[in-house]
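Everything on this sheet refers to the single structure shown next.
Just so you know, all these numbers are worked out from the coordinates, no wet-lab data involved. In this text the structure is predicted, and so the values were computed from the model without any measurement. Cβ atoms come from the backbone with ideal geometry, glycine included; neighbour counts cover every protein chain shown.
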Number of protein chains: 2
Amino acid sequence: MTIQLTYSGNFEDISSTSFQEKLTQIRENLHQKVGAGSDFLGWHDWPSNMTDAFLNEMKETAQKIKSTSDVLIVIGIGGSYLGSKAVMEALSSYFKASSGVEVIFAGHHVSGEYLANLMEYVNDKEVSINVISKSGTTTEPALAFRFLQTYMEKRYGVDAASRIYVTTDAQKGSLLHLATEKGYQRFEVPANVGGRYSVFTAVGLLPIAAAGYDIQELMRGAKNAEAFYGTADFSNNTAMQYAAARNFLYNKGYEVEILATFDAKLSFVQEWWKQLFGESEGKEGKGVFPASVSYTTDLHSLGQYIQDGRRFLFETFLNVQKVQTDLTVFEAENNGDELNYLAGLSLQEFNKVGYEATSKAHLDGGVPQLALTIEKLDEYHIGELLYFFMISCAYSAYLLDINPFDQPGVEDYKTNIFKLLKKPGY
Amino acid sequence: MTIQLTYSGNFEDISSTSFQEKLTQIRENLHQKVGAGSDFLGWHDWPSNMTDAFLNEMKETAQKIKSTSDVLIVIGIGGSYLGSKAVMEALSSYFKASSGVEVIFAGHHVSGEYLANLMEYVNDKEVSINVISKSGTTTEPALAFRFLQTYMEKRYGVDAASRIYVTTDAQKGSLLHLATEKGYQRFEVPANVGGRYSVFTAVGLLPIAAAGYDIQELMRGAKNAEAFYGTADFSNNTAMQYAAARNFLYNKGYEVEILATFDAKLSFVQEWWKQLFGESEGKEGKGVFPASVSYTTDLHSLGQYIQDGRRFLFETFLNVQKVQTDLTVFEAENNGDELNYLAGLSLQEFNKVGYEATSKAHLDGGVPQLALTIEKLDEYHIGELLYFFMISCAYSAYLLDINPFDQPGVEDYKTNIFKLLKKPGY
């Protein structure tokens, strides 16, 4: 099944002629590659344009990493971190290693203790590194790589070079020069794909494949999503409907969107989603503020605020229909915990009732409700979901007259920190 | 040092006679145990009233758990989960086990896969369980305990009882009856302490001690905080100042507070803080919405929104002055990464510059800035910090004329779900 949307408001609100006209035009611009930020539309037809040769290169490199390494340290921040982390977490099993290498991130923050302990941790394991930076000049991953590159050269000598993989721009940046000089194997971050839209490029695919997940299925989901959610037919385009609903609610004063899940494995999909929407829309004093909760945990936390606090929230549930493993409540002899009334109910069914109870209570409490439903957490459906959010985000930002593909505030921060650190040239 | 507050506004804004009078009255009410919700003020003088006998009981029980077990499964949700999790994460080392047992949480969400895999994971390890539920009737932990209790009885037979520890109300609830019937060792959640204020009771102390952390130092910090932040002298009371600043900003239309850290170990302190403030203040259509970011990671994500999005945000930094382990950037021979200009700078110093750059940029972008600074992440300072937030939250909620100690919305959800599940009596 494709992604389903339910909406607590009147569907006429979001399928009005005005929304349909605007979104049809936005879609047309995306296809024609025109409009604000159109230099960064590489992600839009990436799944349908991606070649088998490229996918095979990813798989073969992943195979080489798996055959030589126990651990792959992935160095990246922002879009070079959140996408592959989101996919790997969503596909992981609790308390069980994946079938590939152990992937450990670094350079996603700055911590001497983290790096020192990481180097100690991997000392008795075989290691490879994938350093990812689109610009090749972002400070945090560059700092982590300075320490880890030295570590690798001390440990592996001249063989270190064959264990270091670089994913960066094909034309510019200090990481490119370093890779060329040292002879590291290189992969490209296409110049026309921004960090937060890069999960289906080598940025995401190489770590995901090395961790043992099926990137062919992931891309099959993304490719189908490109067709499903790129259709001009509003009534069959859930991504357009989601964008319209967000815009409608925002204009009614609902300025905070809470993405709510009932599966803890989706917590990094939520973080990735926050970057995608926050960084794409949060400009010119506009944009829905993206927040997230993990239920039922947070029903015993932020649930109170959502039920009764300031009425400027709307809530989007991301529901998963089927789980791989479930348990069913059994009848207990003494019923000391008084739970026998639940006997025969599975824990997944409990969560579905939890969803119904919560959604109804929050709607009654004045919080508009959306729900997106996917079938299950596997490569295909995660690929579909991430592409769905990417194109929804483009539709949504353009409805606000915002360029979805730049990030002037992040560039401000980078410049500020270079100035304070007295980087030559700043 | 005590917790330091800096505030980007005019300190006269928050030290006005009106704030001082209101907060002096609130403080007096807390000391006299009067005012809305005063039945739940047990936490307020808990640190100074706590006996050595109680602390020794916690330590001895933790010792017993450590000597018999590799893993302690802590079953709890909301306040019975977030407090001890926050303390343990803040005190942990990356990639290294603590000196105590491995603590694994359960019942903080509902997942058949999680429980099934957990039981498999602990099969070759010695296990104890601490099940925590103030009411003794919350469904999620009760469900997890039904499965895990059966597991323990199958595995350990009659000896299971000596490996199960129950923390619950002393007078009522099905968990109390179950514990009495089975002869489990019991600890009390005081009736006058709500879940989100319970970290310094057995709810938090037993798991924290079992994990190998020094609860005596934790409580020394909390006890000092009770004195420091309970003083009537506004100019020396950072907790009153923090509450006043939040209230001042809220009334100016800054309705979302972002708690920002530069240390990933504080992520569960942030989650605990969200519960504390969100559940205490989010009532009657009022309250600051609590959100959080982890820098520098999120400078490459929500940073854009904070810089340039809707101007209804204020930001509170939680800064840590000293780290235990640091690395210093070294001079590289070829300088291929162009980072030699940072040689001699430690990574912690980099984070301090990151804080300055970020705070200045966000302030210029129209986001009022607060900063709380603690000396370091050890038991003493974490104890001080958590008490600081608890009393700040009471001051803050009373400034909004909100009872900080009830949670009618959470009770609504519990009732809703009981009705949908057709629990007898609902």
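For region A:232-304, the set of trypsin sites (Lys or Arg not before Pro) satisfying both a DSSP loop assignment and a count of at most 15 other C-beta atoms within 10 Å is given as A:LYS252. In region A:103-192, Rg over Rh equals 0.95, where Rg is the alpha-carbon radius of gyration and Rh the Kirkwood radius from pairwise Cα distances. Net charge near B:THR297: determine it from the other residues with C-beta under 12 Å of the C-beta of B:THR297, scoring Lys and Arg +1 and Asp and Glu -1. It works out to a net charge of -2. Here the Karplus curve 6.51 cos²θ - 1.76 cosθ + 1.60, taken at θ = phi - 60°, turns the phi angles of region B:328-343 into couplings of 10, 5, 9, 6, 9, 4, 8, 6, x, 8, 6, 9, 4, 5, 9, 4 Hz, with x standing for Gly and Pro. Between the helical axis of B:408-420 and the longest alpha-carbon principal axis of chain B there is an angle of about 40 degrees. Neighbouring Cβ atoms from other chains, within 10 Å of the Cβ of residues in A:133-143, number 3 on average. If one puts a single equal scatterer on every Cα of region A:24-140 and applies the Debye formula without solvent, what log₁₀ I(q)/I(0) results at q = 0.10, 0.14, 0.15, 0.20 Å⁻¹? The computed values of log10 I(q)/I(0) come out as -0.44, -0.79, -0.88, -1.27.
The packing ranking, built from the mean of other Cβ atoms within 10 Å per residue, places the peptides A:19-29, B:158-168, B:49-59 in the order B:158-168, A:19-29, B:49-59, highest first. Where does helix A:215-228 land angle-wise versus the long Cα axis of chain A, in degrees 0 to 90, nearest 10? For A:215-228 against chain A, the angle is about 50 degrees. Scanning residues 5 or more positions from B:HIS108 or on other chains, those with amide H under 5 Å from its amide H are B:GLY76, with H placed 1.01 Å from N in the peptide plane. Computed over the alpha carbons of the protein assembly as shown, Rg followed by Dmax gives 26.3, 75 Å. Taking other Cβ atoms within 10 Å as a rough exposure proxy, B:VAL320, A:VAL189, B:VAL203 sort from fewest to most as B:VAL320, A:VAL189, B:VAL203. Note on region B:228-370: the C-alpha convex hull projects to 11.0 nm² when averaged across all orientations.
Each Lys or Arg adds one and each Asp or Glu takes one away; over the other residues whose Cβ falls under 15 Å from the Cβ of B:MET88, this sums to -4.
Note: relative contact order over chain A, using C-alpha pairs below 8 Å and six or more positions apart, is 23 percent.
Among A:195-201, A:176-182, B:145-151, the peptide with the highest mean count of other Cβ atoms within 10 Å heads the list, and the full ranking is A:195-201, B:145-151, A:176-182.
Here is how far apart the A:ALA97 label points are across copies: 1.6 nm, shortest first, using a point 7 Å from Cα toward Cβ. With contacts taken as Cα pairs under 8 Å and at least 6 residues apart, region B:55-203 reaches a relative contact order of 28 percent. Relative to the Cα centre, the charge distribution of the protein assembly as shown, modelled as +1 at Lys and Arg Cβ and -1 at Asp and Glu Cβ, gives a dipole magnitude of about 60 debye.
Model label points for B:PHE95 and A:ASN251, set 7 angstrom from Cα along the Cα-to-Cβ axis, are 5.2 nm apart. Taking the Cβ-Cβ separation of A:ASP52 and A:ALA191 as r and a Förster radius of 22 Å, what is the calculated FRET efficiency to the nearest 0.05? For A:ASP52 and A:ALA191, the calculated efficiency is 0.45. Counting from the shortest, the label point at B:ASP233, 7 Å from Cα toward Cβ, is 7.5 nm from the same position in each remaining copy. Normalised radius of gyration (Cα atoms, divided by 2.2 N^0.38 Å) for region A:46-213: 0.96. B:ASN192 label point (Cα plus 7 Å toward Cβ) to equivalent points in the other copies: 7.0 nm, shortest first. If you line up the long axis of helix A:17-32 against the longest principal axis of chain A, both from Cα atoms, how many degrees apart are they, to the nearest 10? The angle comes out near 20 degrees. Distance to the B-onto-A rotation axis is smallest for one chain B Cβ; residue and value in angstrom are B:ALA291, 3.
Per residue, chain A reaches -14500 deg cm²/dmol at 222 nm when only DSSP H runs of four or more residues are counted, each adding -39500 (n - 2.57). Name the shape class, rounded, prolate or oblate, that the alpha-carbon gyration tensor gives for chain B, where a ≥ b ≥ c are the square roots of its eigenvalues, rounded holds for a/c under 1.5, and otherwise prolate holds if a/b is larger than b/c and oblate otherwise. Because a/c hits 1.5 or more and a/b fails to exceed b/c, chain B counts as oblate. Applied to region B:81-96, the Karplus parametrisation 6.51 cos²θ - 1.76 cosθ + 1.60 on θ = phi - 60° returns per-residue 3J(HN,Hα) values of 10, 5, x, 5, 4, 4, 5, 5, 5, 5, 9, 6, 10, 5, 6, 9 Hz, with x for Gly and Pro. Legend: mean number of C-beta atoms from other chains within 10 angstrom of residue C-beta atoms, peptide A:414-421, equals 5. The phi-based Karplus calculation (6.51 cos²θ - 1.76 cosθ + 1.60; θ = phi - 60°) puts the 3J(HN,Hα) values of region A:143-150 at 4, 4, 5, 4, 5, 6, 5, 4 Hz, whole numbers, x for Gly and Pro.
Shielding of peptide B:272-283 by partners, expressed as the average count of other chain Cβ atoms within 10 Å per residue Cβ, is 5. From the square roots a ≥ b ≥ c of the eigenvalues of the alpha-carbon gyration tensor of region A:206-287, which class results: rounded (a/c under 1.5), prolate (a/b over b/c), or oblate? Since a/c reaches 1.5 but b/c is at least a/b, the shape of region A:206-287 is classed as oblate.
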